[in-house]
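Asks: Below is a structure I'd like to ask you about.
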Amino acid sequence: MKMMNNGYNSSFNSNSVGLMSNAAATTASSSSSASTTNANSQSQGLKTYFKTPEGRYKLYYEKTHPPGFLPFSHGKSFSQVTLAQLKDKPAQAGLTPSSNSSTSASSGVRYAAAKFLGVGGGNGVRAIGFAGGNGTGKAVNGASRSGSLVGSNGSHSILNPNYDGKGTYLIFNVGDTIFIGDLNSPDKDPIKSLHFSNSNPICHAFDPEAKDGHDLLIGLNSGDVYSVSLRQQLQDVGKKLVGAQHYNKEGSVNNSRCTSVAWIPESDAAFVVAHADGNLYVYEKGKDGTVDTSFPVIKDQTQFSVAHARSSKQSNPIARWHICQGPINNVAFSTDGIYLATVGRDGYLRVFDYLKEQLICGGKSYYGALLCCTWSGDGKYILTGGEDDLVTVWSMEDRKVVAWGEGHNSWVSGVAFDSYWSSPTSDDTEENVVYRFGSVGQDTQLLLWDLSMDEIVVPLRRCPPGGSPTFSTGSQSAHWDSITPLGTLQPAPSMRDVPKLSPVVAHRVHTEPLSGLIFTQESILTACREGHVKIWMRPSSETQSSNSESLVGSSTLASTRVGSSTLK
């Protein structure tokens, strides 16, 4: 296994690879958009399809930032991607712009939503349908490409009369700007841009079940956090956030950069924000985000601790979790909201019982920092990726590493379970459970993996010096000598003690290092750190791409069978 200390293979260094050229605006025909996309990709030496055992995935189209945009004008930050599905326009859409508007609502990764949506990565988003525009015209796009955003709430706004109140959108950050693209349009350019003049947006999360209109969280490099209504931003033709609720203003609580934000599942009032100093804060939506909160001094920086605000009725945030000494790189909730997983620069995965505020288990990477993590839909497994070039599979039942995926040539920057994939050989029994998951890395590759629990070989115990390890098939806690004690952080296992997986598919999908991966019912979305997103149609969806009605219907009625061998 090749360790890349510089973060990505030198042959794909961003200094030697130009930004992807932006295609000219297309007509309403999706076929012409696809042909333009194919031509652009082919000119860069990238194939527009890849083959898997179930068929061929085809590049449908791409999304990117406007031509001439300088992503590094205010410092460098990697693009992260979120998908957002806005439902039919409610009776009272959004909130009245006000400095005291309430925060965002219930979790975008709540259990019921996860079952309905079936996407990896914890974004809480529905499957997309490729069926014309979302009702937002190009006039908005053109109007939103320039100008600066003051990180405050606007009291006056001009509404966009072409916006119909629903649709599927792609949200991604590049440099100091948040872009919002129409996933249902073949146009590559975004329809909305929000420019932050003083700091870069780093992370974001969407809540499809928000009840008060505030459904989008945005965390900044300065430590500031905003919750806004996505619908309200799309309705407004300006360049400023409207109706935003501002938290940790000017670093009043924590002045280190935000690294990850997430809505808390099964909670109608809370979200968490992770920071680069190893602290995670819990906020409630119904409280004034401008009230200063003080917490006791952390006595031991090396130990996990939870502190609650002295005045829980008025303070926001309401709690501080001290996770580790270095940066927290990513957080993810299990779909039922019971468990919280974090990964950090110190190389440890930590799993907490969120409700009990208790460390359950965790362990060290083979090498270097961990960068990303995600849960399986049934909550049985956690994927992590990082600087050791490995995709690690953790079992919650065993509280141990049960497999390592070898195939990347550089750091693994994104992992996700494919909840829509169905194994061709599955007999839909617990004895033959097969999980499909994916990973992307700074080697510019997308890798797909199959994890079959009836084939995996799990070591019973470490072998004595000079001896041979004992193995057993399956992944049951009885196979281990003993379950790891509660709250134990394990060292990195020996390479010979962990079963190895090989990817089903390895395909170079971008010219730049990758930063994100999302599965939907009809497609796979990949994103590179420079802000370019590609949509790869599944074999079953490719033949339907010309029939918009069937795609919309399948997106709207999509569901996931959690616990079944067909959808993991």
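Asks: Give me the distance in nm between label points sitting 7 Å out from Cα along the Cα-to-Cβ direction at residue 197 and residue 301, one decimal.
Replies: 3.6 nm
Asks: Applying 1/(1 + (r/R0)^6) with R0 = 22 Å to the Cβ-Cβ distance of residue 353 and residue 311, what FRET efficiency is obtained, to the nearest 0.05?
Replies: The calculated FRET efficiency here is 0.30.
Asks: Can you bin every Cα-Cα distance in region 278-411 into 5 Å intervals starting at zero and give me the percent of pairs per bin, rounded to whole numbers?
Replies: Percent of pairs per bin, in order: 2, 10, 19, 20, 18, 14, 8, 6, 3, 1, 0.
Asks: Counting only the heavy atoms of the protein chains, how much of residue 305 is accessible to a 1.4 Å probe, in Å² to the nearest 10?
Replies: 40 Å²
Asks: What ranking, highest mean first, results for peptides 179-185, 354-360 when packing means the other Cβ atoms within 10 Å averaged over each residue?
Replies: 179-185, 354-360
Asks: Using the Cα gyration tensor of region 312-388, with a ≥ b ≥ c the square roots of its eigenvalues, what is the shape: rounded (a/c below 1.5), prolate (a/b larger than b/c) or oblate (neither)? All intermediate terms of the calculation are to be shown ahead of the outcome.
Replies: Details: a/c = 2.28, a/b = 1.36, b/c = 1.67.
It comes out oblate by the Cα gyration axes.
Asks: A further question follows. Distance cut-off 29 Å, Cα to Cα: go down the list 188/500; 87/400; 87/287; 249/299; 51/364 and report the pairs above it.
Replies: Numbers: 188/500 39 Å; 87/400 40 Å; 87/287 26 Å; 249/299 26 Å; 51/364 34 Å.
Those over the limit are 188/500; 87/400; 51/364.
Asks: Ratio of Rg to Rh for region 357-401, alpha carbon only, Kirkwood?
Replies: Details: Rg = 10.7 Å, Rh = 11.1 Å.
On the Cα set of region 357-401, Rg over Rh gives 0.96.
Asks: Shifting gears a bit: Just check region 488-533 against the gyration tensor rule for me: Cα atoms, a ≥ b ≥ c as the square roots of the eigenvalues, rounded for a/c under 1.5, and otherwise prolate or oblate depending on whether a/b exceeds b/c.
Replies: Prolate, since a/c reaches 1.5 and a/b exceeds b/c.
Asks: Positive end of the charge dipole of region 358-444 (Lys, Arg +1 and Asp, Glu -1 on Cβ, about the Cα centre): tell me which of 371, 384, 435 has its Cα farthest that way.
Replies: 371
Asks: About the Cα centre of region 305-357, how large is the charge dipole given +1 on each Lys and Arg Cβ and -1 on each Asp and Glu Cβ? Please answer in debye to the nearest 20.
Replies: Its charge dipole is roughly 240 debye.
The values are calculated or read from the model by the stated rules, or taken from the named source; none is laboratory data. Here the structure is a predicted model, which means the values were calculated and not measured. Because the Cβ atoms are built from the backbone with ideal geometry, glycine has one as well, and the counts that use them run over all protein chains shown. Quick note on the areas: whole protein, heavy atoms, side chains included, nothing else; ligands and nucleic acids left out. Shrake-Rupley method; radii C 1.70, N 1.55, O 1.52, S 1.80 Å.
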